[in-house]
Each structure stands twice: as structure tokens, then as C-alpha cells.
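Visitor: Before I ask anything, here is the structure I am working with.
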Amino acid sequence: MHDLNALLEPGMLVEHPGQPDWGIGQVQSNAGGKITVNFPQAGKVVIDGRHVALMPVSKP
């Protein structure tokens, strides 16, 4: 499986497919498969990129 999360960079906007109520988050860092995202409804969350494929969101 190709790791699309590896393409995520700080500043990019993403959604968590399993937590749509968290809103659109901004990537803070992406290192070693751990992606830190700041979500408006959940705050700063560290996500294991091996288990969750974040969905990039294009800026409006």
C-alpha cells in the first residue's frame, strides 16, 4: 500500500475520514509516520499514518 500521508506537509488542510465532526484540520508536522494535525473541534491530534489515511482538502 502506498502511503499517501507521506505527501502531507505542514500547512496542508485535511479531514479525518473517521471523524468528520472534527472539521478541517491543518497539518502541523509529519515525521516518522506520525502526523500532528490541529482540528477546530478536536484540537491538536497526533495520528498514526499507518492506520489512518487523511483526506487532503483543497483550499476554498
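Bear in mind that the values in this text are calculations on the coordinates, not laboratory data. Note that the coordinates shown come from a computational prediction; the quantities given were computed from them, not determined experimentally. With ideal geometry, Cβ positions are generated from the backbone for all residues, glycine too; neighbour counts draw on all protein chains shown.
Visitor: Along Cα→Cβ, 7 Å out, is where each label goes; now give me the distance between the ones at Q28 and S58 in nm to one decimal.
Guide: It is 2.9 nm.
Visitor: Relative contact order, percent, of the chain when contacts are C-alpha pairs under 8 Å separated by at least 6 residues?
Guide: About 35 percent, as a whole number.
Visitor: Let me ask something else about it. May I ask you to compute the full-extension gain from V45 to L4, defined as 0.36 nm times their residue separation minus their alpha-carbon distance, rounded to one decimal in nm?
Guide: Full-extension gain reported as 12.9 nm.
Visitor: Looking at Q41, S58, P20, which one has the Cα that reaches farthest to the positive end of the dipole of the chain (charges on Cβ: Lys, Arg +1; Asp, Glu -1)?
Guide: Comparing the listed Cα positions along the dipole, Q41 ranks first.
Visitor: Take the Cα coordinates of the chain, assign each an equal point scatterer, and use the Debye formula without solvent to give log10 I(q)/I(0) at q = 0.13, 0.19 Å⁻¹.
Guide: Result of the Debye calculation: -0.26, -0.57.
Visitor: Sticking with this structure for a sec: For segment 12-24, what does the Karplus curve 6.51 cos²θ - 1.76 cosθ + 1.60, with θ = phi - 60°, yield as ³J(HN,Hα) per residue in whole Hz, taken in order and with x for Gly and Pro?
Guide: 6, 9, 9, 10, 8, x, x, 9, x, 6, 6, x, 8
Visitor: So what are the ³J(HN,Hα) numbers for segment 41-50, from phi and the Karplus equation (6.51, -1.76, 1.60; θ = phi - 60°), rounded to whole Hz, Gly and Pro as x?
Guide: Using θ = phi - 60°, the values come out as 9, 10, x, 7, 10, 9, 10, 7, x, 6 Hz.
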